[in-house]
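The values are calculated or read from the model by the stated rules, or taken from the named source; none is laboratory data. All figures in this text were calculated on a predicted structure; none of them were measured in a lab. FYI the Cβ positions are ideal-geometry reconstructions off the backbone, even for glycines, and counts take in every protein chain you see.
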């Protein structure tokens, strides 16, 4: 059973967002998302400096089964991408909320973060998709 | 979403107990994986694993005229089957030469051939076989509406075996583990089987066939005995393997998948299956022959080739392949090869394309270079590239 960390924010497209306290956020895909996709074999992430737009695709994850876009949860500029995933994409499966993070982002407008889902709302979304 | 329960094999509860992720496959609730599809893939290449393939359609065809019937029904020639137990891979064709299904037929004795066909095509296969059998037997009785029932015509009986299950045990250690799990008594009769042969041992039908490119057995057994047998194999250290790994294993082994690499709109000659079509002797009038003769005389316009992606990414079914100067083709089976750690595919391309050529595939909007290769990609755990 997947547990949904209480201290993170979420999107309807199954990204998680962690507030780092230094004005940046870290983004990854949820345990539920990696479970739906299965074994990851390829992760393509935006480079540092890339400007991204909330709700627009900014990366790709591919499993044996399928390819899926990764969407920017909020608008802003990429600070760092997780380079380790290029050689070990399976980390996304093994530790989706930890070492499987995808990129750090400096939000252009902090108010956008408030518009994201909290853990309870995301849990309800996952539950509704199972029916 | 409409919740409709699919067909279930006798091993369905075993899969749930082992933590399988269940998916619909051609109307059947089947295990996709039991945790990690890639780990399951490596397990089969390096050790061994077992697959529930009870959804496949096992049909016994019996009677004095059984060999004549298959001479008519199949594109490959059952006259190649001279020793008892020998198996033959063949396509069954429409009158237009399209592939209805691919199958394995085992010659058990002069009055008994056993056929194993695909699960997803069961209804149309049985309708086709029954129609062909009725014409062959010149039956004047009205056709039964129940295509899952046995059919009797003069000299021929078609008997779908709903009472059987099927477990494939594959990998370099598969045979040893089978003897360990199911009894040393199997070692002599099963161990003596050459590749692509079968024998019955008590209630077990054991065949040296498979869909992975590895050593091993396919075991057909009474449905009632399947859960216990599965358990015994697992206790001997045989890991359960889902349909996900089954697909990447067969793709690496360069084995066609019905519905992806060939169907009723393609002939075997343009599906990499010319080796399974017996045009000699020329007087054997099998169904679909006329079209294949014509296609061969005019030149087969398309061929199935292997592709290897040079960079990162994954090749997928239906992606367009642009072949420099030779036209366009399409990926029929694309995936990621866990053994080679790169994307591979089977693709149907124009006949002018040559092994070693480079081509371009549109990968989600980005052009990517692929190399045209001869397949299989992997055999007995080793790269063939």
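Selection of the range A:45-59 for residues being surrounded by 19 or more Cβ atoms within 10 Å (Cβ to Cβ) and within 12 Å of the chain's Cα centre (by Cα) yields A:45, A:58, A:59. When the criteria are applied in full, residue B:356 fails the requirement of being over 27 Å from the mean Cα position of the chain (by Cα) and modelled with pLDDT under 95.
Applying the condition of being assigned to a strand (DSSP E or B) and surrounded by fewer than 12 Cβ atoms within 10 Å (Cβ to Cβ) to the range B:359-368 and asking which residue is modelled with the highest pLDDT yields B:367. Put simply, of B:46, B:86 the only residue that is within 21 Å of the chain's Cα centre (by Cα), modelled with pLDDT of 95 or more and closer than 30 Å to residue B:177 by Cα is B:86. Checking the range B:312-321 against the condition returns a match, with at least one residue being in a loop (DSSP other than H, G, I, E, B) and surrounded by 23 or more Cβ atoms within 10 Å (Cβ to Cβ). Within the range A:33-44, the only residue that satisfies the criterion of being under 11 Å from the mean Cα position of the chain (by Cα) and within 14 Å of another protein chain (Cβ to nearest Cβ) is A:34. Scanning the range B:322-340 turns up one or more residues that are away from chain A (no Cβ under 14 Å), farther than 26 Å from residue B:42 by Cα, over 23 Å from the mean Cα position of the chain (by Cα) and buried (at least 21 other Cβ atoms within 10 Å of the Cβ).
Whether any residue in the range A:73-88 is within 13 Å of another protein chain (Cβ to nearest Cβ), in contact with a strand residue (DSSP E or B) (Cβ under 8 Å, 6 or more places away or on another chain) and at pLDDT 95 or above is what I want to check. Steps first, answer last, please.
The initial filter retains those residues of the range A:73-88 that are within 13 Å of another protein chain (Cβ to nearest Cβ), namely A:85-88.
With the extra rule that they be in contact with a strand residue (DSSP E or B) (Cβ under 8 Å, 6 or more places away or on another chain), the set shrinks to A:85-86.
Next, only the ones that are at pLDDT 95 or above stay: A:85.
Taking every residue of the range A:73-88 in turn, at least one turns out to be within 13 Å of another protein chain (Cβ to nearest Cβ), in contact with a strand residue (DSSP E or B) (Cβ under 8 Å, 6 or more places away or on another chain) and at pLDDT 95 or above.
Is it the case that residue B:257 is surrounded by fewer than 19 Cβ atoms within 10 Å (Cβ to Cβ), more than 14 Å from chain A (Cβ to nearest Cβ) and either in contact with a helix residue (DSSP H, G or I) (Cβ under 7 Å, 6 or more places away or on another chain) or within 23 Å of residue B:42 (Cβ to Cβ) (or both)? Judged against the criteria, residue B:257 is a match. Residues in the range A:60-75 that are crowded, with 23+ Cβ neighbours inside 10 Å and under 15 Å from the mean Cα position of the chain (by Cα): A:61, A:62, A:70, A:72, A:73, A:74.
Residue B:10: in a loop (DSSP other than H, G, I, E, B), in the same structural domain as residue B:242 (by TED's automatic domain parsing) and surrounded by 15 or more Cβ atoms within 10 Å (Cβ to Cβ), yes or no?
For residue B:10, the condition - in a loop (DSSP other than H, G, I, E, B), in the same structural domain as residue B:242 (by TED's automatic domain parsing) and surrounded by 15 or more Cβ atoms within 10 Å (Cβ to Cβ) - is met.
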